[in-house]
Structures are given as C-alpha cells and as structure tokens.
Amino acid sequence: MKNIEQWFKEQNWNAQTFQKQCWKAYTNGQSGMLHAPTGSGKTYALWGGIVEEMSRSKIPPKGLHALWITPLRALGVEIQKATQKMLNDFNPSLLVGLRSADTPQSQRTKLLKSPPFGLVSTPESVHVLLGNSNHQKYFKHLKVVVVDEWHELLGSKRGVQVELAL
C-alpha cells in the first residue's frame with residue numbers, strides 16, 4: 001500500500017515539514033487552519049491526508065467524502081486538476097469533480113446523480129447543492145471540508161454563505 005510520502009518521492013518532491021504536520025493532524029482527527037505562501041504546496045498538504053486515509057480503506061468509498069470550497073473559479077480548476085492527479089495514483093476509479101457557475105448543466109446533473117469522491121466548488125454552488133431536495137443523501141458521506149482562501153471570504157456575503165453552509 002502506497003503512502004503519501006512515497007507518492008511525493010515518486011514525484012521527485014521533498015515533503016515540507018508543514019505538509020507532514022498536516023497529514024499527521026488529519027490522521028489524528030484534528031482540524032485547523034493552514035497558513036503558508038502561495039505555491040508552497042498547501043493543496044497537497046491538505047489533500048494528502050484525505051487521499052492516504054482513503055487508500056487504507058478496504059472498501060472503496062462511495063459518495064462525496066471531501067468538499068473543497070474556493071472563492072475563485074479559476075483556482076478551482078487548478079485545485080481540481082492537482083487533486084485528481086494525486087487521486088489517480090492512489091485509486092484511478094475515484095474522481096474529483098468541479099462545480100461552479102461555469103459548469104455545464106449536463107455536468108451538474110451528472111455530479112448530482114453520481115457524487116464524486118471529492119468536489120471543488122464555490123460558496124454559491126455549495127448553496128445550490130444544499131438547496132437540492134436530495135441534499136441529505138448527497139452529503140451523507142461527507143467527512144472533510146476545506147475552505148480555501150478564507151481570508152478572501154472573511155467579512156463578505158460569500159464568507160457568510162460558507163459559514164451558513166457549514
């Protein structure tokens with residue numbers, strides 16, 4: 001069974017101390033806030049523990065387990081690609097979806113009918129999902145929520161949307 005540190009080595013990367021601390025904290029059931037410079041590996045610090053936990057599971061997870069909320073749609077695309085890349089190396093049958101105002105209706109319907117393992121979304125799209133009549137079933141397996149760029153949301157209507165959603 002591959003672990004996250006092995007995966008980093010396969011990418012020819014050295015795991016940062018803060019990434020290892022995040023993986024350990026997640027494994028220990030802790031929650032918290034990560035503050036690190038842009039481009040330092042925050043996405044993999046947060047996603048690594050999630051993916052490693054999933055890889056230890058004897059039964060492949062079904063339904064939405066991880067929700068990543070980002071205020072920036074363009075950043076959402078990057079996060080979705082990076083997280084899917086990691087997930088592909090652990091379990092290629094699991095997907096990370098992307099849901100924003102730009103998501104075509106056909107893809108939105110597909111995401112509702114068959115929730116991915118992970119979902120990257122905007123605050124507004126999370127509220128649309130919560131407004132769906134089947135929202136309890138959709139979020140039934142949700143284990144972890146990551147709020148990205150929280151400082152961009154603080155003190156705004158969108159920040160209040162995230163607070164209410166949580």
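The values are calculated or read from the model by the stated rules, or taken from the named source; none is laboratory data. Note that the structure is a prediction, hence the values are computed from the model and not measured. Neighbour counts run over all protein chains shown; Cβ positions are idealised from the backbone, glycine included. Each accessible area value is taken on the protein alone, full model and side chains, heavy atoms only, with ligands, DNA and RNA left out. Shrake-Rupley method; radii C 1.70, N 1.55, O 1.52, S 1.80 Å.
Data for the structure
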{"item": "Residue in segment 125-132 that is closer than 22 Å to residue 47 by Cα and loosely packed, with under 15 Cβ neighbours inside 10 Å present", "result": "no"}
{"item": "In segment 22-53, residue least open to solvent (accessible area, probe 1.4 Å) [restricted to those that are in contact with a Leu (Cβ under 7 Å, 6 or more places away or on another chain) and closer than 29 Å to residue 134 by Cβ]", "result": "51"}
{"item": "Candidate set: segment 55-81, residues that are within 11 Å of the chain's Cα centre (by Cα) and open to solvent by less than 30 Å² (accessible area, probe 1.4 Å); chosen: the one nearest to residue 137 (Cα to Cα)", "result": "64"}
{"item": "Residue check for residue 144: closer than 18 Å to residue 163 by Cα, crowded, with 19+ Cβ neighbours inside 10 Å and touching a helix residue (DSSP H, G or I) at 6+ places or on another chain (Cβ under 9 Å)", "result": "no"}
{"item": "Selection within segment 19-52 - in contact with a Phe, Trp or Tyr (Cβ under 7 Å, 6 or more places away or on another chain) and either among the charged types (D, E, K, R) or free of Cβ contacts under 8 Å to residues at least 12 places away in the same chain (or both)", "result": "52"}
{"item": "Sole residue being more than 23 Å from residue 139 (Cβ to Cβ), part of a helix (DSSP H, G or I) and at pLDDT below 95, chosen from 5, 52", "result": "5"}
{"item": "In segment 92-107, the residues that are surrounded by 15 or more Cβ atoms within 10 Å (Cβ to Cβ) and closer than 16 Å to residue 62 by Cβ", "result": "94, 95, 96, 97"}
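One line per residue, one yes/no per condition, for (1) among the hydroxyl-bearing types (Ser, Thr, Tyr); (2) more than 22 Å from residue 130 (Cβ to Cβ); (3) in contact with a Cys (Cβ under 8 Å, 6 or more places away or on another chain); (4) surrounded by 16 or more Cβ atoms within 10 Å (Cβ to Cβ):
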site: 2; (1), (2), (3), (4): no, yes, no, no
site: 11; (1), (2), (3), (4): no, yes, no, no
site: 90; (1), (2), (3), (4): no, yes, no, yes
site: 109; (1), (2), (3), (4): yes, no, no, no
site: 113; (1), (2), (3), (4): no, no, no, no
